[in-house]
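Quick notes on the structure that follows.
Throughout, read-outs are computed from the coordinates displayed, never taken from laboratory work. As the structure is a computational prediction, the values presented were derived from the model and not from experiment. Cβ: placed from backbone, ideal geometry, glycine included. Neighbour counts: every protein chain shown.
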Amino acid sequence: MKEKALLKGNIAIATAALNCGCNCYFGYPITPQTEIGEFLSVEMQNRNLGFVCAESEIAAINMALGAASTGAKVMTSSSSCAVALMQESLSYAASDELPIVLINVMRAGPGQGYIYSSQGDYNQATIGGGNGDYKTIVLSPSSVQECYDMTQKAFYLAQKYRNPVILLVEGLLGQMAEPVILNENPYPEIDNSSWKLDGAKNRPSRKIHSLEPNQIKLCNHIQDLFKKYKTIEQNETDWEEYCCDDADILITAFGAYARNTKAVCDYFRKKGIKVGLFRPKTLYPFPSKRLATISKNVHFIIDIEMNCGQMEKDVALATLGSVPIWNITKPVGDILSPETLIKKIEDIIEQEEKKYANNI
Amino acid sequence: MNKNFIISGSGGQGILSIGSILANIFMLEDLFVTYCTCYGAEMRGGAVNCEINVSDKEINSLKNEKTDFLIALNQASLNKFTSKVKEGGTIIANSSLAKIEKIRNDVKYIFAPLSEEAAKLGNIKMTNSIALGILGKISGNINIEKIKEGYKKILQNKTELIEKNIEAFMLGFNYVQEGK
Amino acid sequence: MQTIFSTPKSIKENSTFTFCPGCDHGVAIKLVAQVIDELNLQEETIAVASSGCSVFLYDSLDVDCIESPHGRACAVATGIKRAHKAQGNNKFVFTYQGDGDFASIGLGESLHSALRGENITAICINNTNYGMTGGQLGPTTAMGQITTTSQSGRNKEYHGFPIKTAEHIALCEGSSFSARVALYDIKNIINAKKQIKKAFEYQQKGLGFSFVEILSSCPTNWKLSPKDSHKKIQEELSKIYPLGIFKDVENE
């Protein structure tokens with residue numbers, strides 16, 4: 001049997017990174033993700049790998065940028081307000097097509113906010129805070145096991161598509177421990193010999209740059225990036241469906257906060273009310289097509305988020321106004337308990353029934 | 001089966017150690033378990049607490065409004081978490097550091113002078129393990145067979161320390177039996 | 001026939017500099033290329049270009065090169081050096097930055113790389129203004145100097161004081177070498193090359209962060225002829241920013 005360990009989300013991420021060959025980490029402390037750097041500071045030094053306590057998050061992401069250009073498997077981690085500091089270099093990495101894995105263990109904002117758990121960076125991650133036309137792949141785990149598995153996947157996707165990948169984790173999940181099966185890295189190694197910078201020996205020199213004064217070349221470059229994003233959308237979109245097949249009411253939620261909505265589904269199913277959960281596992285690419293198909297047969301959608309409703313617009317875009325969308329949101333603090341959610345949903349059902357009655 | 005535990009006290013009392021040991025024991029039983037600890041500035045002033053959820057099914061209720069069992073190793077944590085205990089739930093309180101006062105009549109109280117008992121054992125740091133032993137007895141959810149393995153997960157190869165802690169655990173375990 | 005001059009091997013064939021007439025960037029890049037040739041580093045080098053005029057290094061220098069976000073060249077170079085080390089390689093890594101890049105927006109990254117003793121080399125072209133954007137006041141603009149954002153001259157009330165970069169780097173315990181050179185005449189050009197070579201060699205020896213600040217002309221933004229620009233460096237700037245070696249761990 002494979003090794004099982006009780007790990008915090010943060011440690012699961014760091015362990016997975018090591019297990020799939022991450023050889024460089026650069027970071028700066030910020031709660032609630034500091035354990036990642038603390039753990040790796042020991043493990044990477046023991047293995048003679050690249051580790052720097054960077055002087056700032058800006059330095060950390062730029063060290064990652066440089067390291068990625070050598071073909072190394074690079075990771076940095078931070079939290080919300082400090083991930084904001086990294087956005088410029090994420091834009092560079094996207095344009096330079098450099099594989100960087102960025103872990104954002106979210107705290108509550110805006111501004112400095114506080115260390116409470118939140119999902120406030122959905123927009124920051126999926127739309128991006130950097131300049132220009134670019135996309136970052138965004139993975140959203142809902143358990144510590146998924147933190148582990150998706151970290152390995154993040155490295156794979158980053159290398160495969162030469163693109164930054166963000167693992168978007170709530171502070172709750174980063175700090176929570178669960179049993180984790182320490183799977184071996186299931187993904188193949190990606191050949192990077194055609195582009196990495198390791199000295200122009202027996203080949204022409206290479207340059208990695210985003211600056212492009214020639215407007216035709218710049219235009220082509222960006223269009224090529226978007227062709228790549230199209231491929232990513234076709235190949236990598238991922239989601240989970242829970243009791244969706246015959247659902248009349250569909251809950252949309254992501255990350256750890258989607259967990260409690262499963263208990264809600266179970267509760268309503270027992271009462272004969274068909275509630276299902278649709279959980280995107282990739283926030284970019286967002287599983288719009290599948291959501292559109294499922295929502296054809298539902299009466300309404302309830303979007304549940306620990307922010308002020310950031311994913312809701314993607315749900316709305318996917319369903320194009322074909323179903324009413326309600327939301328239950330809370331920007332910060334303890335996860336909404338199943339009991340609270342049930343009460344709120346019963347309230348929504350009542351209002352929908354009234355609406356329905358009035359229409360007759 | 002679905003049970004919730006809160007363990008609380010102050011820094012240095014080994015709250016997170018026994019929390020982690022308890023969670024590991026459940027894991028060794030192949031149960032589903034979530035283990036949440038307080039973190040960062042939440043711990044300012046020295047208060048420490050953690051919450052453990054165990055179930056035979058996938059855990060889809062990450063934060064519970066109520067808990068089945070509370071271990072409170074000092075007065076402040078007893079005050080803070082008493083209201084979170086379910087009706088019919090159990091409070092294990094360290095009467096060495098908390099007043100014996102049953103402010104609720106719908107829960108079961110076990111007051112024990114844990115720090116004093118630990119001192120008698122020769123090490124006040126064993127307070128937490130005695131408390132865990134009491135919990136082990138009354139919750140009925142802890143497999144005694146797995147105790148040693150659970151301690152090993154945290155204390156690794158510190159054999160002597162493991163033995164001492166298990167001695168403390170058993171003292172707690174038998175404490176209730178003796179009807180004290 | 002004896003060859004008495006040829007383009008360095010590390011300069012790309014048919015490359016043309018796009019710098020303004022009289023700008024010292026071309027000379028500086030040529031010196032860097034010559035040193036790379038002499039130390040046989042072309043196949044081992046990864047250069048980090050920055051934002052500003054200095055970025056065009058990669059159009060002419062025939063080595064692997066990455067462009068860095070503005071000011072972050074030393075952080076990017078740190079990542080490259082460390083990542084190669086983690087993969088069991090020892091590569092030669094240097095940054096080529098302007099003074100705005102190195103000593104203003106990137107001062108944090110620059111100083112911390114020096115403090116860590118990061119085994120990289122930084123070349124900083126100091127032309128006392130932001131050249132690419134049209135000559136604004138920068139971290140090295142001299143007191144009294146007129147720029148488009150200090151039109152009556154730099155004064156301490158409005159703008160405060162400029163930074164003496166090479167002296168600051170010398171103060172960092174992790175730096176192995178810090179020098180300021182100029183390019184206004186042949187003697188100085190030869191000396192500049194010597195110091196660049198030393199800085200590169202110190203990296204090869206693993207001695208830590210090595211640094212060369214090059215006082216350079218910016219005729220376009222200074223609104224002077226190339227000749228008068230060099231005269232300005234010789235007579236004014238090298239008095240404010242003295243030439244010399246401020247740290248040399250092998251000569252202490």
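In a GNM of chain B with a 10 Å cut-off on Cα contacts, which of B:Asn53, B:Asn141, B:Asn105 has the highest mean-square fluctuation?
The residue that fluctuates most here is B:Asn105.
Let me know the Kirkwood hydrodynamic radius for chain A, please, with Cα pairs as the basis and the value in Å to one decimal.
21.2
Give the order of A:Ser194, A:Ser117 when sorted by the count of other beta carbons within 10 angstrom, beginning with the fewest.
A:Ser194, A:Ser117
Along segment B:56-67, what does the Karplus equation 6.51 cos²θ - 1.76 cosθ + 1.60 (θ = phi - 60°) give for ³J(HN,Hα), rounded to whole Hz, x for Gly and Pro?
Couplings: 8, 10, 3, 8, 10, 9, 6, 10, 9, 6, 10, 10 Hz.
Counting other Cβ atoms within 10 Å of each Cβ, which trypsin sites (Lys or Arg not before Pro) in segment B:37-139 have at most 16 and sit in a DSSP loop?
B:Lys57, B:Lys66, B:Lys99, B:Lys102, B:Arg104
Send over the per residue convex hull volume for segment C:123-252, Cα only, as a whole number of Å³.
Per residue, the Cα convex hull of segment C:123-252 comes to 109 Å³.
Beyond 30 Å, what share of the Cα-Cα pairs of chain C is found? Please give it as a whole percent.
In whole percent, the long-distance tail amounts to 20.
Using +1 at the C-beta of Lys and Arg and -1 at the C-beta of Asp and Glu, which of A:Val323, A:Ser337, A:Asn307 has the Cα lying farthest in the positive direction of the dipole of segment A:304-360?
A:Val323
Which of the aspartates and glutamates could be linked to C:Lys227 by a straight reach, that is with a Cα gap under 17 Å, when you skip same-chain ones fewer than 8 residues away?
Counting by Cα, and skipping residues close in sequence, C:Lys227 has these aspartates and glutamates nearby: C:Asp24, C:Asp185, C:Glu235, C:Glu236.
I need the shape label for segment A:19-118. Rule: rounded when a/c is under 1.5, else prolate if a/b > b/c, else oblate, with a, b, c from the alpha carbon gyration tensor.
oblate
Looking at the calculated P(r) for segment A:67-207, what percent of the C-alpha pair distances fall above 25 Å?
In whole percent, the share of Cα-Cα pairs in segment A:67-207 beyond 25 Å is 31.
I'd like to verify something in chain C: which complete DSSP H helices, judged by Cα projection on the helix axis, reach 15 Å or more and average at least 0.5 on the Kyte-Doolittle scale?
Long hydrophobic helices here: C:25-38.
Mind putting a number on the dipole of the protein assembly as shown about its Cα centre? Charges go on the C-beta only, +1 for Lys and Arg and -1 for Asp and Glu, and I need it in Debye to the nearest 20.
Taking the Cα centre of the protein assembly as shown as origin, the dipole is about 400 debye.
Considering the options B:Ala98, B:Asn128, B:Asn79, tell which one lies farthest towards the positive end of the dipole of segment B:72-128, charges being +1 on Lys and Arg and -1 on Asp and Glu at the Cβ, about the Cα centre.
It is B:Asn79.
Could you name the aspartates and glutamates whose alpha carbon sits less than 19 Å from that of B:Lys84, not counting residues in the same chain fewer than 8 places away?
A:Asp334, A:Glu339, B:Glu42, B:Glu51, B:Glu65, B:Asp68, B:Glu101, B:Asp106
By its C-alpha gyration tensor, with a ≥ b ≥ c as the square roots of the eigenvalues, how is segment A:242-359 shaped: rounded for a/c under 1.5, else prolate for a/b larger than b/c, else oblate?
Verdict is rounded for segment A:242-359.
Please list, by residue number, every one of the GluC sites (Glu not before Pro) in segment B:64-122 that is coil in DSSP and has at most 15 other beta-carbon atoms within 10 Å.
Hits after loop and neighbour filter: B:Glu65, B:Glu101.
Stokes-Einstein D for segment C:193-252 at 37 °C, 0.692 mPa s, Kirkwood Rh over Cα pairs, in µm²/s?
245
If you build the Cα gyration tensor of segment C:91-177 and take the root of 5 times each eigenvalue, what three semi-axes come out, in whole angstrom, biggest first?
For segment C:91-177, the ellipsoid semi-axes come out as 27, 14, 8 Å.
Based on the alpha-carbon gyration tensor of chain B and its eigenvalue square roots a ≥ b ≥ c, which shape applies: rounded if a/c is under 1.5, prolate if not and a/b is larger than b/c, or oblate?
Taking the square roots of the gyration eigenvalues as a ≥ b ≥ c, chain B is rounded.
Place a +1 charge on the Cβ of each Lys and Arg in segment C:1-85 and a -1 charge on the Cβ of each Asp and Glu, then give the dipole magnitude about the Cα centre in debye, rounded to the nearest 20.
In debye, rounded to 20, segment C:1-85 gives about 320.
Going down the list A:Lys330/B:Lys63; A:Lys4/C:Lys85; A:Lys8/B:Lys153, which pairs span over 24 Å between their C-alpha atoms?
A:Lys4/C:Lys85
Once you've got the Cα coordinates, tell me which of B:Lys57/B:Lys158; A:Lys135/B:Lys57; B:Lys66/B:Lys146; C:Lys156/C:Lys223 are over 30 Å apart.
Where the Cα-Cα span goes over 30 Å, the pairs concerned are B:Lys57/B:Lys158; A:Lys135/B:Lys57.
Taking the Cα centre of segment C:40-251 as origin, sum charge times position over the Cβ atoms of Lys and Arg (+1) and Asp and Glu (-1), and report the length of that vector in debye to the nearest 20.
360
Highest GNM mean-square fluctuation, chain B, Cα pairs closer than 10 Å: which of B:Gly133, B:Gly122, B:Gly89?
Of B:Gly133, B:Gly122, B:Gly89, the most mobile in the Gaussian network model is B:Gly122.
Of C:Cys53, A:Asn359, A:Ile36, which is farthest on the positive side of the dipole of the protein assembly as shown, counting Cα position, with +1 on Lys and Arg Cβ, -1 on Asp and Glu Cβ, and the Cα centre as origin?
C:Cys53
How far apart, in nm, are two points set 7 Å out from the Cα along the Cα-to-Cβ line at A:Tyr114 and at C:Leu224?
Here the answer is 5.9 nm between the modelled labels.
Give me the compactness ratio for the protein assembly as shown, meaning the Cα radius of gyration over 2.2 N^0.38 Å.
1.13
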